[in-house]
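Read the structure below first, then the notes.
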Amino acid sequence: MSFLIFILLTLSSSTVHSTPVDDSQLLRDFYQQQLPLIAFSDYADGVYAFDADSKAAWLDINQFPPYEFSLEKGKNLFKQPFANKSHYADCFPTNGIAIAQLYPYWDEEKQSIITLASAINDCRLKNRLPTLTYESDEITYLMAYMADTSRGQLINTHMPNSALPAYERGKAYFYQRRGQLNFSCASCHVDNAGKFIRSEILSPALGHTTHWPAYRLKTGKLGSLHTRFKVCNRLIRAKVHEAQSTELRELEFYLSYLSNGLPLNGPSIRK
Amino acid sequence: MQIKRRQFIKKLLLTSLTMSSLVFSKISLGKWVAYDFGYRPIEKSLNELFPNKTLKKTYKINLKLPRRAENGNVVPITITSSINNIDTVYILSEKNPVPLIAKFTLDPSLEAYIGARFKMKETCDVIVVAKAGDDYYQTRQRVIVTLGGCGG
Amino acid sequence: MANRSTIKIRTKYFPDYTLVRTLIAHTMETGRNTAQDTKELIPAHFIQTLTFKHNDKVVSECHMGFGISKNPFFSFKIKQAKLGDKITISWKDNLGFSDTKDHIVQ
């Protein structure tokens, strides 16, 4: 089914590829048809849009979320001045508050995708500090704080023409089958969105980038979107790319553009 | 005469001590007992926590629990009850290796209301026992705990 | 940086009751898990007792085992609390660590 969509997408445009706008529309129409009961705004809640029982338990835990301590650490890390008396706030617009929806974006000069995590490290380099390991607690806490201040902001990923090749690569990754189980991201998150895989509901790709970092009840800690990409690939026995590698950034870029218009609601809780 | 005075003072001290202990006594759990939280099957745990007590089944204890726990690590529960004078509440998970999760005392100034988050090993009944003076009440509710899919 | 508290307390005051919720940073380790890297058993480390006081009077004593979830959460309702009342939550674990925190009902 997803292969069909891929063909449709490639054939639907008259010249080379369909535009990102067309892609998004096609996929949203597909979801609308497959999942008529899910309203657009519900996609921001992921699997909880599908099951009232688990949503009730999720909302219950959300009333006093267990990630509050990590969030507090993130806030303190964010506000702590660097050795040169500068702050993270000086690297970002509006002092770093309510800006997570601007990421990821295509940087014309650097000809690469900048994610929030890489922006944090760029800020550190600019201030002569060592970079943080991408899946470390410290960077995750910082991302949690910055996401929290951005709660409710609508995802608004820009797509300049020079970003199209990166977008296409991210899209190709999404639809490419891989690993021993020979799944593509689309196999589960498009073809079977809303259905069960063993005892879990598969979330649709629309809304995938809204709720990060996510506190996993399983691990008892916050994890980033790229950590989740890695786990997913490991589970389908595919090659695991490193967090913030070009491949995963392009995938995030594609998914983020798909989710344009949905509100950010991270950090959040997942199982 | 002196002996009688000594006896009188002794009696006075004893009575005052008992009186003061009655005035300040409330339900207290005392020290944490490792044995209560030991590994044993549910029947043994219930028998040892409530020896020779009848745990009357009641509809007057309400348990807000998910029907299916997304992850057995964190199961949220809210216990409410219309039974008067509940002084102690016990939460047990039938098939956990250690069935007793927690016990709480409740002062009369508190409502019969407790919220908590606990771990469940597998699908089983969550048992809540409430003690109101000399009466013990129980209620059970099944929670399904599943083993993943792609959550890893 | 000052010692960060492991206890967060939130209260919601209503005329007929006051909701008291607390979240505690604690691993509640069961002692049955192995560390991923060293493959050694992680020793049990969990809160055993928790005390909830209202204006310095103990209103709930809680004994628990490692069956309570990591980062424990508890909630209670006080029948008649007043604005300005003091809520105190204290805990002690099996390794002898403890913490306490006060909160004013607002």
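The values are calculated or read from the model by the stated rules, or taken from the named source; none is laboratory data. Note that the structure is a prediction, hence the values are computed from the model and not measured. For neighbour counting, all protein chains shown are included, and Cβ atoms are generated from backbone atoms with ideal geometry for every residue, glycine included.
Odds and ends about this structure:
- Any hit, region C:58-73, residues being among the aliphatic types (A, V, I, L, M), buried (at least 16 other Cβ atoms within 10 Å of the Cβ) and within 25 Å of residue A:222 (Cα to Cα): yes
- Any hit, region B:114-125, residues being in contact with a Ser or Thr (Cβ under 6 Å, 6 or more places away or on another chain) and touching a residue at least 60 places away in the same chain (Cβ under 8 Å): no
- Residue tally, condition more than 24 Å from residue B:28 (Cβ to Cβ) and either without any contact (Cβ under 8 Å) to a residue 12 or more places away in the chain or touching an Asp or Glu at 6+ places or on another chain (Cβ under 9 Å) (or both), over region B:78-94: 3
- If you go through region A:50-89 and keep only what is away from chain B (no Cβ under 14 Å) and in contact (Cβ under 8 Å) with a residue 12 or more places away in the chain, you end up with A:70, A:71, A:73, A:74, A:75, A:77, A:78, A:82, A:83, A:84, A:86, A:88.
- Among the residues making up region B:94-111, those that are aliphatic (A, V, I, L, M) and buried (at least 21 other Cβ atoms within 10 Å of the Cβ) are B:100, B:101, B:102, B:106, B:110.
- Criterion: in contact (Cβ under 8 Å) with a residue 40 or more places away in the chain and facing another protein chain (nearest Cβ under 8 Å) - qualifying residue of C:79, C:57: C:79
- Boolean, residue A:245 is surrounded by 24 or more Cβ atoms within 10 Å (Cβ to Cβ) and among the small types (Gly, Ala, Ser): no
- Region C:1-37, residues that are part of a loop (DSSP other than H, G, I, E, B), closer than 29 Å to residue B:80 by Cβ and of a type in the set (A, V, I, L, M): C:25, C:28
- Among the residues of region C:1-13, those identified as more than 8 Å from chain A (Cβ to nearest Cβ), modelled with pLDDT of 95 or more and surrounded by fewer than 17 Cβ atoms within 10 Å (Cβ to Cβ) are C:12, C:13.
- Of all residues in region B:121-150, exactly one satisfies the criterion of being modelled with pLDDT under 95 and buried (at least 21 other Cβ atoms within 10 Å of the Cβ), namely B:145.
- Scan of region B:126-146 for residues that are of a type in the set (D, E, K, R), farther than 14 Å from residue B:112 by Cα and under 16 Å from the mean Cα position of the chain (by Cα), ordered by number: B:134, B:135, B:140
- Count - residues of region C:38-53 that are in a strand (DSSP E or B), more than 8 Å from chain B (Cβ to nearest Cβ) and either in contact (Cβ under 8 Å) with a residue 12 or more places away in the chain or farther than 24 Å from residue B:120 by Cβ (or both): 6
- Scanning region C:54-95 for residues that are of a type in the set (Lys, Arg) and either in a loop (DSSP other than H, G, I, E, B) or within 20 Å of residue B:78 (Cα to Cα) (or both) turns up C:70, C:77, C:79, C:82.
- In region A:218-232, the qualifying residues are those that are among the aliphatic types (A, V, I, L, M) and free of Cβ contacts under 8 Å to residues at least 60 places away in the same chain, and the one that is nearest to the other protein chains (Cβ to nearest Cβ) is A:231.
- Of all positions in region B:86-108, none carries a residue that is on the phi > 0 side of the Ramachandran plot and not aromatic (Phe, Trp, Tyr).
- Residue tally, condition in contact with a Phe, Trp or Tyr (Cβ under 9 Å, 6 or more places away or on another chain), surrounded by 21 or more Cβ atoms within 10 Å (Cβ to Cβ) and not in a loop (DSSP other than H, G, I, E, B), over region A:175-184: 0
- Criterion (over 27 Å from residue A:180 (Cα atoms) and surrounded by 19 or more Cβ atoms within 10 Å (Cβ to Cβ)) met by exactly one of A:217, A:255, A:251: A:217
- For region A:129-148, a residue qualifies if it is surrounded by fewer than 17 Cβ atoms within 10 Å (Cβ to Cβ) and either assigned to a helix (DSSP H, G or I) or β-branched (Val, Ile, Thr) (or both), and the qualifying residues are A:131, A:133, A:137, A:138.
- Verdict on residue C:101 being facing chain B (nearest Cβ under 8 Å), touching a strand residue (DSSP E or B) at 6+ places or on another chain (Cβ under 7 Å), touching a residue at least 60 places away in the same chain (Cβ under 8 Å) and closer than 30 Å to residue A:58 by Cβ: no
- Selection count where residues are surrounded by 15 or more Cβ atoms within 10 Å (Cβ to Cβ) and of a type in the set (Asp, Glu), scope region C:14-57: 1
- Being touching a strand residue (DSSP E or B) at 6+ places or on another chain (Cβ under 8 Å), touching a residue at least 12 places away in the same chain (Cβ under 8 Å) and over 17 Å from residue A:69 (Cα atoms) is a description that applies to residue C:29.
- Residue match in region A:237-251 (condition: of a type in the set (Gly, Ala, Ser), within 14 Å of chain B (Cβ to nearest Cβ) and touching a strand residue (DSSP E or B) at 6+ places or on another chain (Cβ under 6 Å)): yes
- Counting only strands (runs of 3 or more DSSP E) that sit completely within region B:43-152, those holding 1 or more residues that are more than 14 Å from chain C (Cβ to nearest Cβ) correspond to B:55-57, B:61-64, B:124-132, B:135-145.
- Residue C:63 vs. criteria under 29 Å from residue A:58 (Cβ atoms), facing another protein chain (nearest Cβ under 7 Å) and either in contact with an Asp or Glu (Cβ under 8 Å, 6 or more places away or on another chain) or touching a residue at least 60 places away in the same chain (Cβ under 8 Å) (or both): yes
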